[in-house]
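Data block below; observations after.
Nothing in this text is a laboratory measurement; each read-out follows from the coordinates by a stated rule. Bear in mind the structure is a predicted one, so any value in this text is a computation, not a measurement. Using ideal geometry, Cβ is built from the backbone for each residue, glycine included, and neighbour counts are taken over all protein chains shown.
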Amino acid sequence: MEGDHPPGEAEAAPAGLYRTIVSGRGSGIRDMFAALPAFGEAGHASVVEADDGLNARLPNPNGSGEWDLYRFGTSVYVAITHCRFATPCAETVPAEGMVEFHISLSGESGLRRESDDQLPVGGGKLLACHQSRGGSYQAYCEPGDRTSISIFVVPGHLAERYGADMPARLAMPDGAEGGITMLLRPLQLSAVTIAGKLIHNGFPGVRRIAYAEGLVSALLCHCAEAIEQQPADDDADMLTAKEIGLLERARELVLSDSRWTISSLAKHLGTNTTKLKTGFKLLYGSTLFETAHRRRMQQAIELLVLEKQSVGEVAWLAGYRYQASFTSAFRRYFGITPSSARKLSHVPEPNPGAEPEQGDFA
C-alpha cells in the first residue's frame, strides 16, 4: 500500500453465499433451511427430505461447484462448501444463539485466521465461535477454490449429546452485546479423514442423509474434544461489535482503494496499527497487505486483458512507483508478464498460493 489516499466510490456489493441465494441477505441458517423445500420445488436446488432430516445440493452461481446442505432435526445444521468462486462472495451472518464449528480444508475465507505452526502435519483448521445477542459477522470467500465444512449446533444439544458446554468456554464478558468469541484449535488427521468422507459422500437420497449424520456426529466428537483440550491459559479471542464494525470498514476502504497505508488507515479509523492488523487477520483470515494485493492484481489484470491499457498506466493506477516493481509482483501473482496479459482474451486465474512480499507495498 503506497501513499495516503482517500477511498474511491463504493463498489457494488459482492455476490452472496448460500444463505443469501436461498432466503435473501441477512437471513440466518434456520431461515435458509426453512426456505429450501420451496427453493427445490422451483428447480433451483436438489432437495431430499427424510423423517427429521434434509439434504439439499445447491449449485454455485458465481463460478462452479456446489454447497451440500444438511439439517438433522432442529438442532444440527451443516453447510459444506466445495466451490470455485469467480469473484469475491460475502454475506452477513446474524447471531442465532448457536455454537459454530468451521473446518477449513482449502482456500481463503473470512472468519478464520491462519496458525499453521500449531497444526499437525496433514491436519486441518478448526474454528469454534459463538456470537453474543445482537451480533453478526461477515462470511467472506476469496476468488478461487474453497473447501470447508460449517456445523451449527444448538448449545443444549451439544451439552446433552456430546458433553460440551461450549457457550461457557466461548462466553463474552458480562453485558457485552454484538460481539463474537473465537477459538482456533488444531484438528487431528483422523478428523480431517472424516471430513473428507463427508465432502465426498457418494450415497443417494435418504442414505446420503443417514451416512452424513453419522459422519457429522463423529466430527462433533472431535470438535468437542479439541476445544476441551484447550490449555487453561489459552484464552479465546474476542471481538466486540464496535471492533467488528471498525474492521469491516477497514476492509471496505482497502477494497475501494488498495493504496492505503496501514498507518493512514489506522489513523483514519481512530485505532492503532497493532489492533488493526491483528483484528483484521483474525476476522478475515488474511492480512491487510494480502487483501490489498489481491485487489490490486485483480484490477490490474482486468485493465490489461479487458481494456488493453498500457502496462505503465496500469502500474500507476495500481499504485506502484516503478513499472519494474509492478511487473515483478504481477509475474509472481499470475505467472505471466503484464505485456503477455494484454494479448489474452480472458482473465486468467492467479498462481496457487501467490502472496505479496512486503516490498510490494514499499
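Think of the stretch 292-354 as having a plus end and a minus end, set by charges on the Cβ of Lys, Arg, Asp and Glu; of Val311, Gln299, Ala329, Ala329 sits farthest toward the positive end of this dipole.
With a sphere of radius 14 Å drawn around the Cβ of Ala212, what net charge do the other residues whose Cβ falls strictly inside it have (Lys, Arg +1; Asp, Glu -1)? Working shown, then result.
Working: positive: Arg57, Arg71, Lys197, Arg207, Arg208; negative: Glu49, Asp51, Asp52, Asp68, Glu213.
Spelling it out: positives minus negatives among the neighbours equals 0.
A convex hull fitted around the alpha carbon atoms of the stretch 40-87 yields 74 Å³ per residue. Spacing of the modelled spin labels on Ala42 and Ser190, each 7 Å from Cα toward Cβ, amounts to 4.4 nm.
Need the full-extension length gain, Thr337 to Glu49, defined as separation in residues times 0.36 nm minus the C-alpha distance. One decimal, nm. Could you put the intermediate results ahead of the total?
Numbers: separation 288, 0.36 × 288 = 103.68 nm, distance 5.15 nm.
In short, 98.5 nm is gained.
With a Förster radius of 25 Å applied to the beta-carbon distance between Glu307 and Ser264, the computed FRET efficiency rounds to 0.30. Using only side-chain charges placed at the Cβ, +1 for Lys and Arg and -1 for Asp and Glu, the dipole size of the stretch 239-361 relative to its Cα centre rounds to 180 debye. For a straight C-alpha distance cut-off of 20 angstrom, the lysines reachable from Lys242 (same-chain residues fewer than eight places away being disregarded) are Lys267, Lys275, Lys277, Lys281. Within the stretch 239-361, the proportion of Cα pairs with more than 19 Å between them is 48 percent. Distance between the pseudo-spin-label points of Thr74 and Leu317 (7 Å out from Cα toward the beta carbon): 5.4 nm. Other residues within the sphere of radius under 10 Å centred on the Cβ of Glu349, judged by their own Cβ, net out at 0 (K and R +1, D and E -1). Please list, in order, the residues from the stretch 137-165 whose amide nitrogen is less than 18 Å from a point placed 7 Å along the Cα→Cβ vector of Thr92. It comes to 137-141, nothing else.
I need the peptides 345-351, 220-226 ranked by packing, meaning the mean over residues of other C-beta atoms within 10 angstrom, with the highest value on top.
Working: 345-351: 12.0, 220-226: 19.4.
Taking the mean over residues of other Cβ atoms within 10 Å, the ranking is 220-226, 345-351.
Sorting the segments 259-265, 77-83 by their mean number of nearby beta carbons within 10 angstrom, highest to lowest, gives 77-83, 259-265.
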